[in-house]
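Working notes, structure below.
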Amino acid sequence: MSETSRHAVGFEPCAPHRSEEPMLREDTVQEMLARLARGEGVKTIARELGVDRKTVKRWRRLGQWRPRQGRTRLRSLDPYRDRLAQRGPEVGWNAVVLHRELQGLGFTGGVQQVRRMIRPWRAEVRWAQVATVRYETGPGEQAQVDFGQLRIWLGERSERVHLFVLTLGYSRRLWVRAYPHERLSALLDGHERAFRHFGGVPLTCLYDNPRTLVLGRREREVHWHPVFHDFARYYGVTPRACQPYRARTKGKVESGVKYVKRNALAGRRFVSWDALNTWLEEWMATVADQRVHGTTHERPIERFARETLTPLGARVPYRYEQEHVRRVPADALVAIRAARYSVPVQYVGTTVTVQETAAHYEIFAGSVCIARHPKAPRHAVVMERTHYHGLLRPGGPASSVGPPQWDPTYQPVGEVMVRDLARYAAVAESRGGA
């Protein structure tokens, strides 16, 4: 029977409703509803659109197109879904480990089923590791602090320089200074100089969990180094540490570190540390403060006028001291951190106290400061000539000591007579003849 004869006798397809419905697109349903609204018959619409009359009646009852809701199929792994969500982060979403543990709980499926179920969770973790949300702070609210490392030529030597960078979150104005290390003394000195440079302090400072400052965590509470905690309290700053492995939350200062390396120090050479830091101060004032920032589209020095930092007032600089007790050896060189520093020789054999500041060692005998030296590299020997007064003379110490003058057994014999050597020769010959 041909297709034409089928329509002539009113033959209609008898395809099942559920197998036909998913094939209907939204535009087909909309046309069906429009023709029903015009008064066309169900039978005519079904014949011309090639659908079952029950389908036409069903969409007439619904009144609008709706996507078909598929039936939920229970999988063998579904009873363990909550278990996977809880255990997954603890094992790094390792499907093999999770599958082995589920087998112990009665799961009989394969590891591929586990992989398929945890795939969305693993993807979410990857997004969280890569993506971040820009967080802008108000005036005076936050500063971000970090160190950057770079090798620079100082004179004839290539030195590893540690760049302390503090960036104000609102204005993006930064402070940078170079140090030979990242110890606590350098951190405190960098903060002190930055606060003095800006004339005030922010409410909070954000750090990337440096071991110098963060001694540990307990119940999500950061255990700060006691000296640094005292320093922060002295200036009224609240220190905050980034969440572990989330250092991107201090992106402002990280961008500042890159900016210093690529703009201020690219291809530069300096005669000394002092020359390096002098240039950095000049660069901050003439370049970093004056450029138009790529995010704020303002000059940091102009935006800084709206920073509401807490003024320093009459607060004197914080005094960081770390004391060491030493006994002065015979060479008058006191050992401090693998280097040796001189003191006046009259203190040989006595006990002295060494007070460590950010850049110097001050050596005290009681309450009297007997020596002050800038910090030197390991194994260096720092001597001040005035400390050896009375010993360092031409000819050495022995040349300044004359013969004993009051020896009771010593009897002078007067002057020695000077005779011609020929007379001694004649005497010798006469005795030989005899």
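The values are calculated or read from the model by the stated rules, or taken from the named source; none is laboratory data. If you're wondering where the values come from, they're calculated on a predicted model, not measured in any experiment. Please note: Cβ atoms are built from the backbone with ideal geometry, for glycine as well, and neighbour counts cover all protein chains shown.
Looking at Arg303, is it outside the structural domain of Gln355 (by TED's automatic domain parsing), under 27 Å from the mean Cα position of the chain (by Cα) and in contact (Cβ under 8 Å) with a residue 40 or more places away in the chain? Against the criterion (outside the structural domain of Gln355 (by TED's automatic domain parsing), under 27 Å from the mean Cα position of the chain (by Cα) and in contact (Cβ under 8 Å) with a residue 40 or more places away in the chain), Arg303 qualifies.
Out of Tyr320, Tyr259, which single residue is modelled with pLDDT under 95 and either touching a Cys at 6+ places or on another chain (Cβ under 6 Å) or more than 30 Å from Asp230 (Cα to Cα) (or both)?
On the way: Tyr320 fails: either touching a Cys at 6+ places or on another chain (Cβ under 6 Å) or more than 30 Å from Asp230 (Cα to Cα) (or both).
Criteria check complete, one pass: Tyr259.
Can Phe228 be described as touching a helix residue (DSSP H, G or I) at 6+ places or on another chain (Cβ under 6 Å), crowded, with 18+ Cβ neighbours inside 10 Å and of a type in the set (Phe, Trp, Tyr)? For Phe228, the condition - touching a helix residue (DSSP H, G or I) at 6+ places or on another chain (Cβ under 6 Å), crowded, with 18+ Cβ neighbours inside 10 Å and of a type in the set (Phe, Trp, Tyr) - is not met. Inspection of the range 260-274 finds a residue satisfying the criterion of being loosely packed, with under 13 Cβ neighbours inside 10 Å and of a type in the set (A, V, I, L, M).
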